[in-house]
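Please read the structure below before turning to the comments.
Each value in this text was obtained by applying a stated rule to the coordinates, not by laboratory testing. This is a predicted model, so every value here is computed, not measured. Here the Cβ positions follow ideal geometry from the backbone for every residue, glycine too, while neighbour counts run over all protein chains shown.
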Amino acid sequence: MVRKTKEEAEITRRQIIDAARRVFHECGVSRTTLEKIATAAGVTRGAVYWHFKNKTDLFFAMRDEAKLPMVDQVVFHEDDADPLGGIERALQILIRILAEQPEVRETFEIISFKCEYVDEFAQVLQNASCQLEFLDKLTRAYERAQSHGQLRAGFTPSQLAHDSFLFVGGLFKHWLGRMPDARFQEWANQLIHTHVALRRA
């Protein structure tokens, strides 16, 4: 019975997060209320409060779920014989996640275009540990590329990592600001290929 109760609670929590994403995406974060989310989820407002302290807590739960595929799938292998090729694959996986996982894409659309970063949501910008972790992994991947003699002269791994970080961030924003399609994904992958190729010695 306890196991069933936990399973039911997790199902309800999942419904609330999914509903929040839909309502945030449709109405914007500032115009979304817990009442709207509860109605969309088909639960009571009390059920929402049972799982989440407030709208901010729910927003962060939604955001953290969207980060999981990035953490799990975007991997830089330390034993890769072609570190630059590994960087290219990792950046292309980011685009593939946006293309194949609409829930993740919607969440990043909300974060990028439908949230005002004031008051309690100001911490969203300050709490960027996932981005900093990605930048650190990217820097170490470029350091491995340098140790393999792959990098063009005149640039440090840190400079190249920051450049790639901002480059893929721009692709993200460009993707999220328009209706995605297969042609855009192909175009983005080609840009990533060219971006990395320009770094090769």
Checklist line | GNM top mover of P69, P102, P157 - the chain, alpha-carbon springs below 10 Å | finding: P102
Next item on the list: Would you please report the Å³ per residue occupied by the convex hull of the alpha carbon atoms in segment 1-52?
Entry: 62
Notebook entry, point to check: Based on DSSP H runs of at least 4 residues, each adding -39500 (n - 2.57), what is the mean residue ellipticity at 222 nm of the chain after dividing by all its residues, to the nearest 500 deg cm²/dmol?
Noted result: -24500 deg cm²/dmol
Check: Within the set K53/K137; K6/K67; K36/K67; K53/K173, which residue pairs have Cα atoms separated by over 27 Å?
Finding: K53/K137; K53/K173
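With contacts defined as alpha carbon pairs under 8 Å and 6 or more residues apart, what's the relative contact order of segment 1-100 in percent? Mind dumping the intermediate values first?
Numbers: 55 pairs, mean separation 20.7, N = 100.
The normalised contact order for segment 1-100 reaches 21 percent.
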Item checked: Whole-number Å³ per residue for the convex hull built on Cα positions in the chain -> 137
Check: At a Förster radius of 45 Å, what calculated FRET efficiency corresponds to the Cβ-Cβ distance of A153 and A122, to the nearest 0.05?
Finding: 0.60
Note to self: At a threshold of 8 angstrom on Cα-Cα distance, excluding pairs fewer than six apart, so keeping six or more, what relative contact order does the chain reach in percent?
What the structure shows: 23
Check: Expressed in nm to one decimal, what extension gain is obtained for the pair W50 and S112 from 0.36 nm per residue of sequence separation less their Cα-Cα distance?
Finding: 19.5 nm
Next item on the list: Could you grab the relative contact order for segment 1-52? Cα pairs under 8 Å, six or more apart, rounded to a whole percent.
Entry: 35
Check: How long is the gain from T39 to E78 if the chain were fully straight, where each residue apart is worth 0.36 nm and the alpha carbon distance is subtracted?
Finding: 9.3 nm
Item checked: Label-point separation in nm, K6 to S30, each point 7 Å along Cα→Cβ -> 4.2
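How would segment 91-188 be classified by its alpha-carbon gyration tensor: rounded, prolate or oblate, with rounded meaning a/c under 1.5 and the a/b versus b/c comparison settling the rest? Walk me through the intermediate numbers first.
Numbers: a/c = 2.63, a/b = 1.42, b/c = 1.86.
Here segment 91-188 falls in the oblate category.
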